[in-house]
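Below is one structure, written out as structure tokens, with a few remarks after it.
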């Protein structure tokens with residue numbers, strides 16, 4: 001694709017995130033929004049401001065004959081893999097919101113199909129773009145911390161009845177998949193990006209406040225070893241009262257310690273490294289604001305820019321399909337431990 005040609009996008013799913021994708025596409029000089037898709041009407045989605053054709057399904061869009069290059073998949077988790085495969089079968093590039101799928105197997109099918117049709121799959125992990133994430137990636141990659149001894153990831157958020165609406169997809173096993181997929185996969189992605197794969201997973205899991213609103217637990221303590229050395233833990237919960245508490249990562253290395261914290265891992269709280277001076281970082285973007293609750297950083301502008309650069313051959317995907325698969329696989333293995341614990345306790 002030449003540098004003068006606009007990349008044409010169709011966004012599937014016109015909820016909060018889908019509309020954010022559409023807005024970011026409209027702001028890019030080299031991009032054009034050509035269609036929106038949702039099973040609801042344009043009015044029900046409150047998407048009237050987008051003056052583009054509106055389709056009721058991805059199948060209807062693909063049959064329409066309208067020309068486009070990229071499908072942005074912003075639908076419930078359980079539809080991501082199926083819709084990615086549909087788009088790839090029609091030789092479209094794919095931008096997939098997290099998670100890429102709900103099973104490693106479904107993600108492998110996407111990767112195989114993308115290679116078969118020579119199209120790219122971009123996974124949305126926008127927290128990689130936050131200044132603290134970019135900074136910690138640089139010091140880990142350059143070995144500034146030395147050998148990594150311990151990593152602790154804490155994710156404590158509020159998700160209550162304001163979030164889990166009766167009759168909705170959130171909280172269901174087949175469409176949501178679980179707390180680690182929907183709320184905390186961004187932070188598992190950052191951990192994998194920094195330190196690689198894990199093994200020897202052990203865990204304790206509990207459902208404190210969501211027995212009537214979700215099909216799965218809301219909290220867990222998970223410990224593991226990193227394949228590359230060092231040990232780690234993930235402590236998570238959506239049973240926090242009133243509002244999000246924190247998303248933080250504490251890293252203990254041979255040469256010092258670092259903690260990235262705040263509600264969304266958007267602040268460097270501690271940098272104590274031998275013979276190292278902390279640089280001044282750019283300000284982080286605010287969190288996605290959904291009214292009564294907050295999400296991860298609003299960095300989707302960087303995602304769309306990376307997709308345009310990727311399709312035009314100027315840059316690789318910030319989060320490629322294999323990395324998207326690895327995050328799904330890590331969560332799947334954690335949930336396997338949870339399910340084995342359940343069977344043992346029955």
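The values are calculated or read from the model by the stated rules, or taken from the named source; none is laboratory data. It should be emphasised that the depicted structure is a prediction, and the values quoted were computed from it without experimental measurement. Reconstructed Cβ throughout: ideal geometry from the backbone, glycine too, with neighbour counts over all protein chains shown.
Applying the criterion of being touching a helix residue (DSSP H, G or I) at 6+ places or on another chain (Cβ under 9 Å) and without any contact (Cβ under 8 Å) to a residue 60 or more places away in the chain to the residues of the stretch 135-169, the residue that is farthest from residue 218 (Cα to Cα) is 141. Only a single item in (1) buried (at least 23 other Cβ atoms within 10 Å of the Cβ); (2) in a loop (DSSP other than H, G, I, E, B) is not met by residue 25, and it is number (2). Residue-level analysis places residue 118 outside the set of residues that are assigned by TED's automatic domain parsing to the domain that holds residue 252, over 19 Å from residue 59 (Cα atoms) and out of contact with any helix residue (DSSP H, G or I) (no Cβ under 9 Å at 6 or more places or on another chain). One residue is enough: does the stretch 199-207 have a residue meeting the conditions part of a loop (DSSP other than H, G, I, E, B) and closer than 14 Å to residue 328 by Cα? No, because not a single residue in the stretch 199-207 is part of a loop (DSSP other than H, G, I, E, B) and closer than 14 Å to residue 328 by Cα.
Conditions tested, residue by residue: (1) crowded, with 24+ Cβ neighbours inside 10 Å; (2) touching a helix residue (DSSP H, G or I) at 6+ places or on another chain (Cβ under 7 Å).
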residue	(1), (2)
66	no, no
69	no, yes
72	yes, yes
85	no, yes
99	yes, yes
105	no, no
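Among the conditions (1) closer than 25 Å to residue 301 by Cβ; (2) part of a helix (DSSP H, G or I), residue 59 misses just one, which is (1).
Entry remark, the stretch 115-159: residues being more than 26 Å from residue 273 (Cβ to Cβ), at pLDDT 95 or above, touching a strand residue (DSSP E or B) at 6+ places or on another chain (Cβ under 7 Å) and part of a helix (DSSP H, G or I) number 0 in total. With respect to the numbered conditions (1) outside the structural domain of residue 86 (by TED's automatic domain parsing); (2) touching a helix residue (DSSP H, G or I) at 6+ places or on another chain (Cβ under 9 Å), which one is the sole condition not fulfilled by residue 2? Condition not satisfied by residue 2: (2). The residues of the stretch 9-21 that are part of a helix (DSSP H, G or I) and surrounded by fewer than 24 Cβ atoms within 10 Å (Cβ to Cβ), listed by number, are 16, 17, 18, 19, 20. When the stretch 203-218 is limited to residues that are within 17 Å of residue 344 (Cβ to Cβ) and touching a residue at least 24 places away in the same chain (Cβ under 8 Å), the one that is surrounded by the most Cβ atoms within 10 Å (Cβ to Cβ) turns out to be 217. Checking each residue in the stretch 27-50 for being touching a strand residue (DSSP E or B) at 6+ places or on another chain (Cβ under 9 Å) and free of Cβ contacts under 8 Å to residues at least 40 places away in the same chain picks out 32, 33, 34, 35, 36, 37, 38, 41, 42, 45, 47, 50.
Hey, any hits in the stretch 190-202 for a residue that's closer than 16 Å to residue 163 by Cβ, in contact (Cβ under 8 Å) with a residue 24 or more places away in the chain and within 17 Å of the chain's Cα centre (by Cα)? Checking the stretch 190-202: not a single residue is closer than 16 Å to residue 163 by Cβ, in contact (Cβ under 8 Å) with a residue 24 or more places away in the chain and within 17 Å of the chain's Cα centre (by Cα). Of the numbered criteria (1) surrounded by fewer than 21 Cβ atoms within 10 Å (Cβ to Cβ); (2) in the same structural domain as residue 69 (by TED's automatic domain parsing); (3) touching a residue at least 24 places away in the same chain (Cβ under 8 Å), the one residue 341 fails is (2). Filtering the stretch 315-338 to residues that are assigned to a loop (DSSP other than H, G, I, E, B) and surrounded by 15 or more Cβ atoms within 10 Å (Cβ to Cβ) leaves 317, 318, 319.
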